Every structure is written in C-alpha cells, then in structure tokens.
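Working notes, structure below.
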Amino acid sequence: MNKEIFRRRAALFGMVSLLALTAGCASRVSAPVRDGTQPPAAAAPVERVGFHVVRPGETVLALSRMYNVSVADIVGWNGLTNPNQIHVGQELRVAPETPVVAQVIPITSEPVVISPVVPQTGGAAPIKQEPRGGKQPYSDEAWEKMQRPGDVAVAESKQPVAPAAPETPRLPGPDGDWLWPVKGKVIVGFDEPVAGDAKLRNKGIDIAGTPGTPVLASAGGKVVYSGSGLRGLGKLVIIKHDANYLTAYAHNQQLLVKEAETVTKGQKIAELGSTDADRPKLHFEIRKQGQPVDPLKYLPAH
C-alpha cells in the first residue's frame, strides 16, 4: 500500500517537474523581432504651376502673402465657401489661369482665282431683275443705298474710258427740258396721301397706263439701279442725270436697262406694269440733291 502511494507521488512529482521545465523554457523564448525600419512616408504631392498644396499650419491669408495675391482672388479661383476651412493636402490655385494663345500659321499658298463663266448668248447682257440681298422696306436710308450701289462703282471702274463727245448734251433743269416718261392721266399727285393713309405721302406722281406701254427716260444719264429690291415699288429703274438730279420709274412689268448703262433722253428703259401696285401705273419721281420735288413743276404741260 505504501509502495503504491509512493509510486503515485513520484509520478505526480515528475509531472510537476516537467510542467515547470516547460514553463521555464517558454519564458526564455524571445518574442518575434519587429523590423525597426519605418514604412516609407507617402511622397509629397507634386505641385502644378499656379497651384499650391496646403501644408500644416497654412491659411488662406498666409498663402495670399506668400504668392502676393489677395484673399478674394484665392477664394474666387477655388470656389471656397469658407476661406477659414482648408485642409492639409488640399490643392489650391494661387495664380490666375493663363489663357491659351492660339498659334497663327500663315498660309503661304497662292490664292486660287476663279473666273466666272459668262454664257455666250450672242446678244446683250441679261438685265438683272432680282434684288440684291432680298427686298427691304421703303425708307429714305434704303433709297439712298439704291442710289449708291456698291457694285455700280466697281462696274464704272472697269468701264473703258470713252473718247470725249464732240458736243456735251445739256443737262436737265427746271426749265421744262424734261420728257414725260409716259402719256397718261395723273391719278395721284405729289405729296398726296397714298392708299388713304395721311401719314404716307406720295414722293412723286402716279400716271395711269396700259400694261406694256413703253416707259421712256425723262432725260439722259446713267442707270444707278435696275431691280426689285425696294418693297412697295416693284420693278424699279433709277437714273442719275448729274450731280443734282435723278429720276425714278417704278411698278414696271419689264426692265430693259441694266445698272451702269448710259441712256439717252427718250430711250425706252422699261414697260409699264403693276408690280407691287393695285393697278397698272407708273410711279415717277424727280429728286434734287436727294430730296423729292414735284415733277409737275419740271415736266412740260400736256
């Protein structure tokens, strides 16, 4: 019995010794060695030209002094709602945006000149009937443009210089040396209301006639307009006689002269019609220094 107890105690003592030895060994095992090298710091952001990356302790006021700009500029360039709330690492514009300047590349190639092809009809050049740039309402400014068309000056510069005539024709004047453009009844006189509108006054006279009746040049001169670009006057011819006088012939059904053409007194320049009119008639004007005058004071009695 005693031997059995002794044996068990010896076994228990051995187990305790083993546990103590194991614990002692465990206490002598070193902890894992940590690498003392610190992880690499994040690379500082590269600042773009005209921008600044906020660092600790910096304020908008400090940046304005650093870059010699105003606080308002920095706030406006960056759309800041509160200039006191900026954070480290924030990229702010600190200089105005430089506009992109386009580089002009000169063209060295020779220009290509295209000559218009003029059809050979075997006769006179066709008369232009369509308006330049569309019709425009009647006004004194529009009328002035009709008297000085830009392409007439070009056409005149290309005209060959004609030899001096042996005798210069007498210019028209208020002495009765004018010709009635058509024979007919004057249905609306000068400065009379037009279409019952007291505010719209006739700037010439309206002469009744039959469609197709020849319209004659009241005096010799140069055609400065032939077309239908002035609303309310239909197909219109304007002839400049000298530095003071010109005449106008409106509502024609056919135009027979072209711009820059020289006409003589009594020459057929159009055919009476009713374009832009309520009845067949010729609207005839005489203008002195650009102002309309009463044609009946210049035309001979008939």
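The values are calculated or read from the model by the stated rules, or taken from the named source; none is laboratory data. Worth saying up front: this structure is predicted, and the values here are computed from it rather than measured. Cβ coordinates were reconstructed from backbone atoms using ideal geometry, including for glycine residues, and neighbour counts include every protein chain displayed. SASA here: full protein model, heavy atoms, side chains in, ligands and nucleic acids out. Shrake-Rupley method; radii C 1.70, N 1.55, O 1.52, S 1.80 Å.
Computed values, structure above
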| item | result |
| --- | --- |
| Matching strands (runs of 3 or more DSSP E) fully within region 253-302 where at least 2 residues are among the small types (Gly, Ala, Ser) and in contact (Cβ under 8 Å) with a residue 60 or more places away in the chain | none |
| Leu233 vs. criteria assigned to a loop (DSSP other than H, G, I, E, B) and surrounded by 20 or more Cβ atoms within 10 Å (Cβ to Cβ) | yes |
| Those residues of region 62-79 which are over 39 Å from the mean Cα position of the chain (by Cα) and not small (Gly, Ala, Ser), in sequence order | Leu63, Arg65, Met66, Tyr67, Asn68, Val71 |
| Criterion violated by Ala219 - all others in (1) closer than 22 Å to Ala301 by Cα; (2) in contact (Cβ under 8 Å) with a residue 60 or more places away in the chain; (3) open to solvent by less than 20 Å² (accessible area, probe 1.4 Å); (4) assigned to a loop (DSSP other than H, G, I, E, B) satisfied | (2) |
| Test: Leu256 is open to solvent by 10 Å² or more (accessible area, probe 1.4 Å), touching a helix residue (DSSP H, G or I) at 6+ places or on another chain (Cβ under 9 Å), aliphatic (A, V, I, L, M) and at negative phi | no |
| Residue list for region 236-245, restricted to those being assigned to a strand (DSSP E or B) and either at positive phi or over 35 Å from the mean Cα position of the chain (by Cα) (or both) | Tyr245 |
| Per-region count, region 191-204, residues more than 12 Å from His251 (Cβ to Cβ) and either modelled with pLDDT of 95 or more or not hydrophobic (A, V, I, L, M, F, W, C) (or both) | 9 |
| Which listed residue is in the same structural domain as His283 (by the TED database) and open to solvent by less than 60 Å² (accessible area, probe 1.4 Å), from Asp191, Asp206, Asp197 | Asp206 |
